[in-house]
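Worksheet: one structure, shown below.
Just so it is clear, none of the values below were taken in a lab; they were calculated from the coordinates. Please read all numbers here as calculations on a predicted model, not as lab measurements. Positions of Cβ are backbone-derived with ideal geometry, glycine not excepted, and every protein chain shown enters the neighbour counts.
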Amino acid sequence: MFTGPRALIDHDALRANLALVRRHAPASRIWAVVKADAYGHGLLEVAATLSQAHGLAVARVEEGVRLREAGLGLPILVLEGAIFPGEVEVAARHRLELALHQEEQVALLEQSRAHPPLRVWIKVDTGMHRLGVQPEAVPALIDRLARCSRLVGPPGLMTHLANADCPEDGLTLRQCERLRALAPPGALLSIGNSAGILAFPAARTDWVRPGIMLYGSSPFARPTAAELGLRPVMTLQTRLIAIKPLRRGDAVGYAGTWVCPEDMAIGVAGIGYGDGYPRHAPSGTPVLVAGRRAPLVGRVSMDMISIDLRGLPDVKLGDPVTLWGKGISVDEIAASAGTISYELLCRVTPRVRREHLGALPRERRVL
Ligand SMILES: Cc1ncc(COP(=O)(O)O)c(C=O)c1O
């Protein structure tokens, strides 16, 4: 019997969120971003469901290879491209499309040994200042790539938005305009991440690259995921493993950072930072015990958290405790813990059992 924490992955919600992307960007093709183990949800299971998109996007060549080896046939884009000698050939053999964000990657392509033709995207730094070639270098690069014999079609142009989660920030529109101004006639463009797709029509280009919204989290403080019509995909759950009657003045957990203001019951739930629950979640961060909200109190330990049960006199040992997901948004927990949903979702550790629910394309319910 498995009694530890579980991450329930709702594939119907995943499909509904993909449908929402389609409604926002009906003329765009969709790279569903599944890097980092599909934001912690399980790469192969999520990719199988999201193969209803037009393509999948990963950060690294080895993530793309895993998808191909699992039999996924749709286009796969490697967002960081090939970095090291040999990676171009591996990518080409696995029909991975490559981003080219620096001159060295073009040289790698030119020096690569015989391999099947591949498709590339020039990643342009239009204002993020992380990866990307400078806009003024693009025309010469396009000419250079035209002389490269092992490419399929002309390169696409892509860029990544730095501030699209702040819709009032003018940088996003400037980034979109910079990329569009560089595009030769007929070149495919890719701009929008989730925030771009939701807030900026100019970012809804030939291809868009949604990540976090597919998993049911809002890229904005407002509107919330629920207001946007997004459904949570991961529900992180555990159980109450102890209920302790404590006295007024008793200090709870390591360093005794929270002190009982009266005689009261404290619940202990079997989940902690060893499972990926954020250690820096402060007292007051909400959880759901048997479906009702209660605040976490004291420090998060490796395997346990403590919960103030004063509002819930009737809960019992073994009752389910939901940390985020259905009924309590991961965005609310992230805000309370001073981080973002992306980090919480990606950091759920392997000892948390993933259970895949809803209509699944394969028999892959539990890994
Ligand atoms: C290049 C690129 N495109 C798209 C995405 C997806 O972004 P989001 O999860 O905010 O939709 C990411 C994620 O970090 C990215 O790095």
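Computed 3J(HN,Hα) for segment 284-295, one whole-Hz value per residue from the Karplus formula 6.51 cos²θ - 1.76 cosθ + 1.60 where θ = phi - 60°, is x, 4, x, 10, 10, 10, 6, x, 10, 6, 8, x, glycine and proline marked x. The H on the amide N of THR257, modeled in the peptide plane, is under 5 Å from the matching H of VAL252, ARG299, each at least 5 residues off or on a different chain.
Here the chain is treated with +1 on each Lys and Arg Cβ and -1 on each Asp and Glu Cβ, and its dipole about the Cα centre works out to around 680 debye. Neighbours of GLY192, meaning other residues whose beta-carbon lies under 9 angstrom from its beta-carbon, give a summed charge of +2 when Lys and Arg score +1 and Asp and Glu score -1.
Between MET264 and THR3, what is the FRET efficiency for a Förster distance of 22 Å, r being their Cβ-Cβ separation, to the nearest 0.05?
On the way: r = 26 Å, r/R0 = 1.17.
Efficiency computed from Cβ-Cβ geometry: 0.30.
Ordering TRP258, PRO320, PRO282 by the projection of their Cα atoms onto the charge dipole of segment 234-357, which places +1 on the Cβ of Lys and Arg and -1 on the Cβ of Asp and Glu, puts PRO320 at the extreme positive end.
Could you pull out which residues in segment 168-191 have an amide N less than 12 Å from a spot 7 Å beyond the Cα of HIS54, following the Cα-Cβ vector? The answer is 188-191. The simple Förster model, with R0 at 22 Å and r as the Cβ-Cβ distance, assigns ALA70 and THR349 a FRET efficiency of 0.50. Each peptide in 18-24, 64-70 gets a packing score, the mean of other Cβ atoms within 10 Å over its residues, and the list from highest to lowest is 64-70, 18-24. Net charge in the neighbourhood of GLY40 (other residues with Cβ under 11 Å of its Cβ; Lys, Arg +1, Asp, Glu -1) is +1. Counting neighbouring beta carbons within 10 Å and listing from fewest to most, the residues ASP263, ASP275, ASP165 come out as ASP263, ASP165, ASP275.
Taking every DSSP beta bridge that has both ends in the chain, the antiparallel portion is near 55%. Apply 1/(1 + (r/R0)^6) to the Cβ-Cβ distance of THR257 and THR224, taking R0 = 30 Å, and write down the FRET efficiency to the nearest 0.05. Computed FRET efficiency for THR257 and THR224 comes out at 0.55. By other beta-carbon atoms within 10 Å, ranking LEU236, LEU312, LEU317 with the fewest at the front produces LEU317, LEU312, LEU236. Near ALA202: Cβ cut-off under 14 Å, other residues only, Lys/Arg at +1 and Asp/Glu at -1. The net charge is +1.
Modelled spin-label separation between GLU177 and ARG310, with each label point placed 7 Å from Cα along the Cα-to-Cβ direction: 5.6 nm. Extension gain, HIS280-ALA107: 0.36 nm per intervening residue step, less the Cα-Cα distance, totals 57.8 nm.
GNM remark for the chain: springs join alpha carbons under 10 Å apart, and the peak mean-square fluctuation among ALA27, ALA82, ALA294 falls on ALA27. Remark: segment 216-299 carries a charge dipole of roughly 60 debye about the Cα centre, counting +1 on each Lys and Arg Cβ and -1 on each Asp and Glu Cβ.
Relative to the Cα centre, the charge distribution of segment 234-357, modelled as +1 at Lys and Arg Cβ and -1 at Asp and Glu Cβ, gives a dipole magnitude of about 200 debye. Note on the chain: helix-only mean residue ellipticity at 222 nm, from DSSP H runs of 4+ residues weighted -39500 (n - 2.57) and normalised by residue number, equals -7000 deg cm²/dmol.
Under 16 Å of direct C-alpha separation, and excluding same-chain neighbours fewer than eight residues apart, LYS244 reaches these lysines: LYS316. Amide H contacts under 5 Å for TRP121: LEU98, ALA99, LEU100, GLY156, restricted to partners 5 or more places along the chain or on a different chain, H placed in the peptide plane at 1.01 Å from N.
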